[in-house]
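The block underneath contains the structure these notes are about, expressed in structure tokens.
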């Protein structure tokens, strides 16, 4: 007998349809063969499938020669997600389940030896792909229900066992499809722990961070240990604007493929905040592996990538950051596949000015030689620094003043200004695909967006004549100035906006740099 089921295969952060074709006939010796470019975990599914079928009460005294083909044969099939559709195909091909119309149904799921259905990675993009293929329903493990159920236009049916899945497919068991409202899930998940009210003093640094978040700009904080760099960075999630439904769907797809959701099978409804250790490899940051998976730059998509101890990261790891910081995507080519992962994130970096951390510190003596300081600073290449919009020196608050300072402004107040500025940008860029914030603006659109007043033009001209900056730094100053004007509610970019934006490029003028 011949039977056919439908499932999907992950390709980057998207999916494509896979047809599971099964043939079976009685034989003297049982055989089970899987073809169609399966990996090891797919080839091993025959043992899980056989045991699950027997333990689910579908055992048979007949021996069968079974061949399973996963089409198209030139797409590599990975992971245990094909267990459930293969088992359903075998049941139909061996006539242990008859009269089933599977043309409108797809399924995914790993099988335990007992017949239980376990969650898999990548359920969300697969359900989206099944919807595009015109399927009417998809059977998913209950552990993947939350992420799968946000896809409208297709019935998502949760199953706990192979027997349940077979009953639904045969029409002998009714399980109601489940749907979720992604917009409500996003709006409900806005609780934050750390608050900027805990940060005393450091008003200039908090202002720079507010500007960075409002425009999606990259920021580097340089200062001695204990000056508050990490404390401030850890509170950035509390002032991030709420994700849109489209952004939540984008981010959830990436985390679903990577298996990095905060709880298995759940959605990502808050902007990501990723903080990898400085020992992370270039593959860990960029993504890759023999079968490419998203790295930290993609897991931080539409959120924040925080690199503490910036200069302690390996040179190779830092240099691979250039493309994702500039382009908003990562292209990874391996023997198995070539894929593209989205990576439009806000880079937040923090570092000491020297190996001991106290170069130019007013209260502590630096123990480093001039050569050590120079070597440490040169770990961050000029091209990478050029891609960081805001570079600012952080001075520690003296202990004698710390206890006398009042509590800082709350995150809710700062976030209100950030959200207002983002709304201005959203309205401005509504007809520009792929542009969400000021940091995304490129090319010919920049001059139209950053309309300068006469005083603004004069200040920009003075800046170009007095400081040696690159064309990329010039564009980034304009974008930051546009964000400063948005926070103030101004249509035109004024002289003060240009002046403040230029003051945040503290590493462009080497002679004036506070740490070189």
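Just so you know, all these numbers are worked out from the coordinates, no wet-lab data involved. The structure presented is a predicted model; accordingly, all values stated were derived computationally and were not measured. Cβ coordinates were reconstructed from backbone atoms using ideal geometry, including for glycine residues, and neighbour counts include every protein chain displayed.
Annotations
- Over the chain, dividing the summed -39,500 (n - 2.57) contributions of all DSSP H runs of at least 4 residues by the number of residues returns a 222 nm mean residue ellipticity of -10000 deg cm²/dmol.
- Cα centroid separation, the stretch 380-401 to the stretch 153-179 (Å): 55
- Cα-based shape type of the stretch 189-434, given that a ≥ b ≥ c are square roots of the gyration tensor eigenvalues and the cut on a/c is 1.5: oblate
- In this rough spin-label picture, where each label sits 7 Å from Cα along the Cβ direction, the residue 461-residue 103 distance is 7.3 nm.
- In terms of packing, defined here as the mean over residues of other Cβ atoms within 10 angstrom, the peptides 423-433, 354-364 line up highest first as 354-364, 423-433.
- Listed peptides 128-135, 148-155 by packing density, highest first (mean Cβ within 10 Å): 148-155, 128-135
- With N the number of residues in the stretch 1-147, Rg(Cα) / (2.2 N^0.38 Å) evaluates to 0.97.
- Between the stretch 192-251 and the stretch 34-98, the Cα center-to-center distance that results, in Å: 50
- Its relative contact order, with pairs defined as Cα atoms under 8 Å and 6+ residues apart, puts the stretch 394-516 at 25 percent.
- Mean Cβ count within 10 Å, highest first, over the residues of peptides 223-236, 76-89: 76-89, 223-236
- Normalising the average separation of contacting C-alpha pairs (under 8 angstrom, six or more residues apart) by the number of residues puts the relative contact order of the chain at 13 percent.
- Computed Kirkwood radius, in angstrom, where 1/r is averaged over Cα pairs of the stretch 359-480: 18.7
- Considering only the chain, percent of DSSP beta bridges that pair antiparallel, nearest 5: 45
- For the stretch 293-351 versus the stretch 352-375, the spacing of their alpha-carbon centroids is 29 Å.
- Exposure proxy for 329, 273: other Cβ atoms within 10 Å of each Cβ, ordered fewest to most, give 329, 273.
- Counted by neighbouring Cβ atoms within 10 Å, the residues 238, 45 run from fewest to most as 238, 45.
- Per residue, the average separation of C-alpha pairs within less than 8 Å and at least 6 apart gives the stretch 189-434 a relative contact order of 30 percent.
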